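Asks: If you scroll down you'll find the structure; I have some questions about it.
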Amino acid sequence: QVQLVESGGGLVQPGGSLRLSCVHSGGIFSTYVMDWYRQAPGKQREWVAGITSGDSTNYAGSVKGRFTISRDNAKNTVYLQMNSLKPEDTAVYYCNAKKWGTNYWGKGTLVTVSS
């Protein structure tokens, strides 16, 4: 059974940076498509960024140019580097692993952008 554990969230001022990590266990990490999603208070969960097993990346328009997704297959970890953070980036950030139509989710890590 695949398990995902996110970390790295916290309180940051507008314009600041954070790096989220998600450690994957219970499967062959390198074969999974990995995505980051987020859910702001009172809103639906939205897709933020994704990276394929071949390291192709995609981003939501709202974060393109500010966020960078990457993966380290040796460490079974996917990262989300978040720069130039805005108050509207405040949300719980979730890691997702996808393979053969099956999705696995972590429990999330809270990011709060506020002065």
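The values are calculated or read from the model by the stated rules, or taken from the named source; none is laboratory data. All values derive from a computational prediction rather than experimental measurement. The protein model used for the area step is the full one, side chains on, heavy atoms only, and it has no ligands, DNA or RNA in it. Shrake-Rupley method; radii C 1.70, N 1.55, O 1.52, S 1.80 Å.
Asks: With every protein chain left in place, what is the accessible area per residue of the chain in square angstrom, probe 1.4 Å?
Replies: On the way: 6110 Å² over 115 residues.
Per residue, the chain has 53 Å² of solvent-accessible surface.
Asks: What is the extension gain from LYS86 to GLN44, computed as 0.36 nm multiplied by their sequence separation minus the C-alpha to C-alpha distance, in nm to one decimal?
Replies: 13.3 nm
Asks: Which order do you get for LEU110, LEU80 if you rank them by accessible area with a 1.4 Å probe, largest at the top?
Replies: Largest accessible area first, the list is LEU110, LEU80.
Asks: Can you return the lysines within cross-link range of LYS107? Criterion is Cα-Cα under 19 Å, with same-chain partners fewer than 8 residues away left out.
Replies: LYS43, LYS98, LYS99
Asks: Measure off, as a whole percent, the carbon and sulfur share of the 1.4 Å-probe accessible area of the chain, all protein chains present.
Replies: On the way: 2900 of 6110 Å².
Carbon-and-sulfur percentage of accessible area, whole number: 47.
Asks: How much accessible area does PHE29 have with a 1.4 Å probe, in Å² rounded to the nearest 10?
Replies: The value for PHE29 is about 0 Å².
Asks: Can you put ASP55, ASP72, ASP89 in order of accessible area, largest first, using a 1.4 Å probe?
Replies: My answer, sorted largest first, is ASP55, ASP72, ASP89.
Asks: Additional query: Given 0.36 nm per residue, what is the gain on full extension from ASP72 to SER7 after removing their alpha carbon distance, in nm?
Replies: Contour length minus Cα-Cα distance gives 21.9 nm.
Asks: Still on this structure, please answer the following. Can you tell which of GLN44, GLN81, GLN13 shows the greatest fluctuation in a Gaussian network model of the chain with Cα springs below 10 Å?
Replies: Maximum among the listed residues: GLN44.
Asks: Could you rank LYS86, LYS64 by how accessible they are, 1.4 Å probe, largest area first?
Replies: LYS64, LYS86
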